[in-house]
Amino acid sequence: MALTVCARNGPTVHGKAIWGSRAAKRGTLYMGTASVLAIIAGSCAGALVSGISGFAFGLMALCIWAWVLPPSFLAPMVVAGSIVTQLSALAVARHRVEWSRVMPFLTGGILGVPLGVLLLGVMNIRLFKGVVGVLLVAYSSYFLLAAPKRAVCAGGRPADGLAGFIGGFMGGLAGLNGPAPVLWCAVRGWSKDVQRGVLQTFLLTTHCITFVCYAATGKLTTPVLGALAWMLPAVLISALAGAKVSERISERSFKHLVLMLLFLSGVALLVGVFLA
């Protein structure tokens, strides 16, 4: 008997909600055709965009997944998909990674993630996401409409480490490890290849730490692993295709793509806060 998932009413069998059943209480998910197609579609969309830009897997995938999958599935799937996306993209362009630029971000991120996790039950996550959403919309709008001609060179590696720390902290607190390093790389005015190398290595490292935490806390249930089995092949193929496309786009197009994704990320956060 196939079980599908409805975002509002939960899983249903022949149109009848069964959240109260023993299977639903265990979080069991029997994949129906609609669920499988949604998983594959979200995986392809997220991985393709992330392969091109270096981030935003979750932003694109959740636009589809959030309508058909239980909330407990979403975070592990986003993290796992992001890990595969970054690994496949780095496999294509690993020779372009400048470790001297990457290491400050990694150091800061590794230190920031535990602090964010520690404060997870203390801070108002809804207010935090709202503030971040406003900042992302304001920043990306400004740079799209009136981009400054000079890059920021002040601060050196300590400033890069601080951006990584903020990204790690936001990732541990609310799963938002991307915006801070993405914003800072754009402010620095680095080339497309440098930005992708920094972002992909940073996101891969922080997501791996998060995934280990999920495994240690029992979030990788058998149903979640079943969803990952459908997701990962689509992610791998789409991420490699996105990485190939990225090699063909100009610096200007890449910059506008990053800013548009930041703008959409901010809008998505604000909509989520409003709906909550």
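Where a number appears in this text, it was derived from the coordinates with a stated rule and is not lab data. Since we're looking at a predicted model, the values are computed, not measured. With ideal geometry, Cβ positions are generated from the backbone for all residues, glycine too; neighbour counts draw on all protein chains shown.
Fully extending the segment from GLU98 to THR33, taken as 0.36 nm per residue of separation minus the present Cα-Cα distance, adds 19.0 nm. The Rg/Rh ratio of segment 31-275, with Rg taken over Cα atoms and Rh as the Kirkwood radius over Cα pairs, comes to 0.94. Normalised size of segment 38-103, defined as Cα radius of gyration per 2.2 N^0.38 Å with N residues, equals 1.21. Of the chymotrypsin sites (Phe, Trp or Tyr not before Pro) found in segment 33-104, those in coil by DSSP whose Cβ has at most 14 other Cβ atoms within 10 Å are TRP67.
Only Lys, Arg, Asp and Glu carry charge here, each on its Cβ (+1 for the first two, -1 for the last two); on that basis segment 31-275 has a dipole of about 440 debye about its Cα centre. Once C-alpha pairs closer than 8 Å and six or more residues apart are averaged by separation and normalised to the residue number of segment 31-275, the relative contact order reads 38 percent.
Sorted by mean Cβ packing within 10 Å, highest first, what order do the peptides 106-113, 78-85, 216-223 take? Walk me through the numbers on the way to the answer.
Numbers: 106-113: 21.5, 78-85: 25.6, 216-223: 12.4.
In descending order of packing, they fall as 78-85, 106-113, 216-223.
Of the residues GLY32, CYS185, VAL84, the one whose Cα sits farthest toward the positive end of the charge dipole of segment 31-275, with +1 on the Cβ of Lys and Arg and -1 on the Cβ of Asp and Glu, is CYS185.
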